[in-house]
Amino acid sequence: MRAAAMASESKQASGIQILREGSAALPTFVVPRLLRIQDAAKYLSATTWQIETLLREKTVPSFVLGKRRVVDRLELDRYVARRNAEARTALRAKTA
């Protein structure tokens, strides 16, 4: 019985929350939709300079929220999808 209590305590301490069916509890971790430039850079494994260039060239849309410039995570996903499609097309053209 004590081992179960310790396991429960360690799960709570690590921020993991187990949701039971029909539970009204919210998950502990929420993925943000809007990312600051630094977070967008981490999301794309890029530098802040590269993200700022994408924003300056209007390749990826952004806007100011409060005092900070933010980027929609879905726009970053669309950008990656476009770049992947371009790479596949270029590869097909090169191998054909």
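The values are calculated or read from the model by the stated rules, or taken from the named source; none is laboratory data. Just so it is clear, the model here is predicted, and its values are computed rather than measured. Note that we place each Cβ from the backbone using ideal geometry, even for glycine, and neighbour counts take in every protein chain shown. For the accessible areas, the whole protein counts, side chains as well, though only heavy atoms, and no ligand, DNA or RNA atoms are used. Shrake-Rupley method; radii C 1.70, N 1.55, O 1.52, S 1.80 Å.
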- line: Reported set for segment 76-96 where residues are among the small types (Gly, Ala, Ser) and over 23 Å from the mean Cα position of the chain (by Cα) is Ala90, Ala93, Ala96
message: So for segment 70-79 (the condition being open to solvent by 100 Å² or more (accessible area, probe 1.4 Å), under 13 Å from Gln38 (Cα atoms) and not charged (D, E, K, R)), does at least one residue qualify?
response: no
message: Quick test for you: out of Thr28, Thr47, pick the one residue that is among the polar types (S, T, N, Q), open to solvent by 60 Å² or more (accessible area, probe 1.4 Å) and at pLDDT below 95.
response: Thr28
First in segment 75-94 and modelled with pLDDT of 95 or more, second anywhere and open to solvent by 60 Å² or more (accessible area, probe 1.4 Å) and not in a helix (DSSP H, G or I), Cβ under 7 Å, 6 or more apart: Glu75/Pro61
